[in-house]
Number of protein chains: 2
Amino acid sequence: MDKALAGIKVLDFTHLLQGPFATQMLGDLGADVVKIERKGLGDSYRAWTFLNYWIGGTESPCYLAFNRNKRSLALDLKTSEAKKIIYQLAETCDIVVENFRPGVMEKLGFGYEDFKKINPRIIYCSSTGYGQDGPYAKRPGQDLMIQSLSGLTTLTGTKDAPPTPLGTGIADQLGAYNIVYGLLSSLYYREKTGKGQKLEINLLQCLLTHQLQEYAVTLNSGKLFERPQSGIAHPGQSAPFGIYKTADGYICISVNPIPVLAEVLEDDGLRSYDDPKTLYDKRDEVFFRIQESTVKQTTAYWLERMLERDMWVSEVKNHLEAENDLQAAHLGAFTSYEHPTAGTVRTVNVPVKFSETPGDIVRHPPMIGEHNEEILRELGYSGSEIEVMKGIGVI
Amino acid sequence: MDKALAGIKVLDFTHLLQGPFATQMLGDLGADVVKIERKGLGDSYRAWTFLNYWIGGTESPCYLAFNRNKRSLALDLKTSEAKKIIYQLAETCDIVVENFRPGVMEKLGFGYEDFKKINPRIIYCSSTGYGQDGPYAKRPGQDLMIQSLSGLTTLTGTKDAPPTPLGTGIADQLGAYNIVYGLLSSLYYREKTGKGQKLEINLLQCLLTHQLQEYAVTLNSGKLFERPQSGIAHPGQSAPFGIYKTADGYICISVNPIPVLAEVLEDDGLRSYDDPKTLYDKRDEVFFRIQESTVKQTTAYWLERMLERDMWVSEVKNHLEAENDLQAAHLGAFTSYEHPTAGTVRTVNVPVKFSETPGDIVRHPPMIGEHNEEILRELGYSGSEIEVMKGIGVI
């Protein structure tokens, strides 16, 4: 089968979550991604983990999650030899991605203008926390801070809880998708016109965009959302939309007509709440009334009765339950690859199914500098020249 | 300025959040998006809102949020005339997107195989909750249910809280970005090879992908995350990563070295926790100890002292505060457009900054069937033919 991005070369200066996730999405579709790392320590995400757990005893799950389908070239970026190598790579590459703070790449001689001189067709994407300039440009930008600044933490959880961030790197991941959106549309444009360009992404704008419909309310009405005092799952939503206790766990009851819910719960009194205003104004009261019914039976009991009425309901699963979900198995949602030190590594599969150009995992996440020699040979360096570079500490 | 996707025609059968957000991203970059709606009611998102608030008294903020830069053609899709019109549009379009349940488009005669016969270069994307087949294929799929099934709700909030969903449509929005990722890479591939293809997206796989690093832990270790009993903001993270009370609000204290934090808080005792194992095992204790200091002064007081040490910290803003953020103003994060019934509508700007092909808002979200006549004329229908179609109820 073909690969959608076969022949595309990516010069990847990214680290941590956001940038590496973006370039991994390109690698999954066949792009040749060369990950430029600091000699020695490499991407600082290699030293990051959760639960003090290391896959195979040594490898970071965080790093492994976002670096498959790449090759690693580890250099001392401050040497003139490294600069020469980077410029050689820039001559033939299509895409550059970086997520340093503003000004760092320019100082190294790797800004857009530097590369444009070498290769005017280049598409160069910079991603930062808050943009290249402005009052926050020098502030550090990191996912949790962007969640906090964007308003997102005021939408989740209950009224009496402190602002509640999502327990995943949502700003970083939306940043990654916006990088891909920018790069692929620019690639199409370049095919049509021959012109490269510079892209700028910032995490703050990405997370504001994620709240397009919540901002549609606040920007135009001047009103803030108020979080519910119950498990209603969106601060602008009416009952029953939420997660309810059952006799043995929880059930998700999304948007559903009250008469159907009243029938299945055998609670005729629920019908008295059935108008839009009441279902919003008294959503907490309705939530707790519904929950008085749901706690009396198991999740399986309710699911069967609700799904046969085509209600919008589901189980609430933890990660082990989700791993063993029958639909996930049917989809091939999880897969694995071999890694030189971590052994067999299980991971989540490519999200998009392509009829002609399926994505897949052809390379394990690279060790630091794993492809130094291979990449330098492709650039025309001889074995003895590579030895010299090792000797003087370039690689 | 050029538009990255100028000349690209999108036949858009989507509704609610996910699909419309995806096609809006294409429209923002200049694609000609024709939104096919049901005659009469149109996209059911037009009837959806929050806080019982309607922009200008009549327009749904949810619908407006995701439908700029499109034209609307409202048809009775079950008539043969409507089918003929759709097939005519398919002859010259590049992209088809739909997010009905499996089988609906095929039943209407609008499946991939139908369109492929008319236009083999077409790129056709179907998005569903759980995929086109398998044990859940007939289940309704909606954002909150996907959050619940994917494990996501077990990552957010505190240990004693019920599973806590994010208060935005995260599955839908990641679904939208994956549609864009699939379509734009396919568009590039088609430029190279002339070949169209069929794409399938499902929300469950998108939200599993969002948890790549959390699954990297659970799939390989068999261990589940446990949510903290404090405001630590990720269940796998150590202190201090969280949102802390201050004398007048909250402050976000992300990843930061304990010695620096001990110094700025003037709490030398904090240093005794400074090793990775303790900062995870005793994260709740550390959290509450830090908070004992932060509550004594205002957010502004701490921000000044912490930012001057280049610590990873920020304010915690609600949507009105975020709207008035100085960096947001500098970025031009918000913008507005005129709408025929809603008046001036404020919204969030395009997330990616392009040097050569900037995105912008050139069309307000259309009224139902607003472009019926314009689009039919482009297809070659005469004024009297259009009148006949109105008369017999096609449009």
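The values are calculated or read from the model by the stated rules, or taken from the named source; none is laboratory data. For clarity, every value in this text was computed on a predicted model and none was experimentally measured. All Cβ positions, even for glycine, are placed from backbone atoms using ideal geometry, and neighbour counts span all protein chains on display. Calculation scope for accessible area: heavy atoms of the full protein, side chains included, ligands and nucleic acids excluded. Shrake-Rupley method; radii C 1.70, N 1.55, O 1.52, S 1.80 Å.
Annotations
- Scanning the range A:249-257 turns up one or more residues that are aliphatic (A, V, I, L, M), surrounded by fewer than 22 Cβ atoms within 10 Å (Cβ to Cβ) and at pLDDT 95 or above.
- Each residue in the range B:302-332 was checked for being in contact (Cβ under 8 Å) with a residue 24 or more places away in the chain, in a helix (DSSP H, G or I) and either among the basic types (Lys, Arg) or open to solvent by 50 Å² or more (accessible area, probe 1.4 Å) (or both), and 1 of them qualify.
- Residue that is nearest to B:SER230 (Cα to Cα) [pool: residues in the range B:146-168 that are open to solvent by less than 10 Å² (accessible area, probe 1.4 Å) and not hydroxyl-bearing (Ser, Thr, Tyr)]: B:LEU155
- Selection from the range B:194-205 of residues that are in a helix (DSSP H, G or I) and at the interface with chain A (Cβ under 7 Å from one of its Cβ atoms): B:LEU204, B:GLN205
- Out of B:LYS70, B:LYS9, sole residue that is open to solvent by less than 10 Å² (accessible area, probe 1.4 Å), of a type in the set (Lys, Arg) and in contact (Cβ under 8 Å) with a residue 12 or more places away in the chain: B:LYS70
- Screening the range B:333-347 for residues that are assigned to a strand (DSSP E or B) and more than 7 Å from every other protein chain (Cβ to nearest Cβ) and picking the one that is farthest from the chain's Cα centre (by Cα) gives B:GLY343.
- Selection within the range B:344-369 - open to solvent by less than 50 Å² (accessible area, probe 1.4 Å), touching a strand residue (DSSP E or B) at 6+ places or on another chain (Cβ under 8 Å) and not hydroxyl-bearing (Ser, Thr, Tyr): B:VAL345, B:VAL348, B:ASN349, B:PRO351, B:VAL352, B:PHE354, B:ILE361, B:HIS364, B:PRO365, B:PRO366, B:GLY369
- Remark: A:GLN211 matches the filter, which requires a residue to be touching a His at 6+ places or on another chain (Cβ under 9 Å), open to solvent by less than 10 Å² (accessible area, probe 1.4 Å) and of a type outside the set (Val, Ile, Thr).
- Look at the range B:250-265: where a residue is among the charged types (D, E, K, R) and a partner is assigned to a loop (DSSP other than H, G, I, E, B), sitting 6+ places away or on another chain with Cβ atoms under 9 Å, you get B:GLU263/B:ARG309.
- Against the test of being buried (at least 24 other Cβ atoms within 10 Å of the Cβ) and in contact (Cβ under 8 Å) with a residue 12 or more places away in the chain, the options B:ASP143, B:ASP133 yield a single qualifying residue, B:ASP143.
- The range A:276-292 residues that are over 13 Å from A:ILE253 (Cα atoms) and in a helix (DSSP H, G or I), paired with ones that are open to solvent by 50 Å² or more (accessible area, probe 1.4 Å) and at pLDDT 95 or above (beta carbon under 7 Å, 6 or more apart): A:ASP284/A:GLN229
- Within the range B:33-60, residues that are in contact (Cβ under 8 Å) with a residue 60 or more places away in the chain have Cβ atoms under 7 Å from residues that are part of a loop (DSSP other than H, G, I, E, B) and surrounded by fewer than 16 Cβ atoms within 10 Å (Cβ to Cβ) in these pairs: B:LYS39/B:ASP76; B:GLY56/B:THR341; B:THR58/B:THR341; B:GLU59/B:THR341, counting only partners at least 6 apart in sequence or on another chain.
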